[in-house]
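No value in this document is a laboratory result; all are computed from the given coordinates. Keep in mind it's a predicted model, so treat the numbers as computed, not measured. Cβ placement follows ideal geometry from the backbone for every residue including glycine, while neighbour counts extend to all protein chains displayed.
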Amino acid sequence: MSRKVSLMFLEASIVFFGVGCVWGTIMTFPSVHSFLESAPARIIVGMHSHWNLLGWVSLALIGVIYYLVPAIVGKELYSEKLARIHFWLFVLLIIITSTLGTVAGYQGGMLFSAKRFTEIEATMGPYMIMLNVLYIIEALVPVSLFAYNIRKTITRK
Ligand code: HEM
């Protein structure tokens, strides 16, 4: 049943929304906001955007699509198992990348505040490489699973 899968995505999106709003509220505190103005800490704002746009907006949209497409074409979802793999992969990657980026931004921002500029690149570099690899996986694997599952649902006999 695509309903169960849709509900997984929709429920998770609401959790991401709640956490994202608390995160955003914390960023409005004057001391936090001025910390975020330093170039290395700016990545934390990007992580907040990703958290909300991938976690809240995309998960909700995906949940709706997993429900609507089978309803429109009058067929069962091609594979609930693939959709579950898609869900866990996507959710874990959002959490891991957001955490890595935030830790990198925090450490870089602290070094910037302490005027230890020469150490920033060496500290943030490994995080940025990990982020790069994870973003490539995130952009390719869960998105392909989603597209494949929807396509097969539409074209199945
Ligand atoms: C109560 C909820 C929220 C609060 C209080 C909040 C607060 C903030 C703050 C303080 C910034 C940093 C602004 C800056 O320093 O330039 C920011 C950036 C951002 N937020 Fe939120 N946010 C919230 C929810 C959301 C949601 C739901 C989304 C998306 C669906 C979102 C998307 C973004 C984006 C894309 C940026 C980056 C803007 C930029 O790079 O200039 N936020 N938010």
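Using a 10 angstrom Cβ neighbour count of at most 14 plus a DSSP loop assignment to flag exposed GluC sites (Glu not before Pro), which longest range of the chain is free of such sites? Could the numbers behind the result be given before it?
Values: sites that count: Glu37, Glu76.
Segment 77-157 is the longest.
List the aspartates and glutamates whose Cα sits under 14 Å from the Cα of Lys157, skipping any in the same chain fewer than 8 residues away.
Hits, sequence-local ones excluded: Glu76.
For the stretch 54-157, how big is Rg over Rh, using alpha carbon atoms and the Kirkwood form of Rh? Before the final figure, lay out each step's value.
Values: Rg = 18.9 Å, Rh = 15.8 Å.
Computed over Cα atoms, the ratio is 1.19.
If the reach is capped at under 27 angstrom between alpha carbons, list the lysines near Lys152, excluding any in the same chain fewer than eight residues apart.
Lys4, Lys75, Lys81
Net charge within 14 Å of Thr155 by Cβ-Cβ distance, Lys/Arg positive one each and Asp/Glu negative one each, not counting Thr155 itself?
Details: positive: Lys75, Arg151, Lys152, Arg156, Lys157; negative: Glu76.
In short, +4.
If I take every Cα pair under 8 Å that is 6 or more residues apart in the chain, average their sequence separation and divide by the length, what percent do I get for the relative contact order?
Numbers: 168 pairs, mean separation 51.1, N = 157.
Reported as a whole number, the value is 33 percent.
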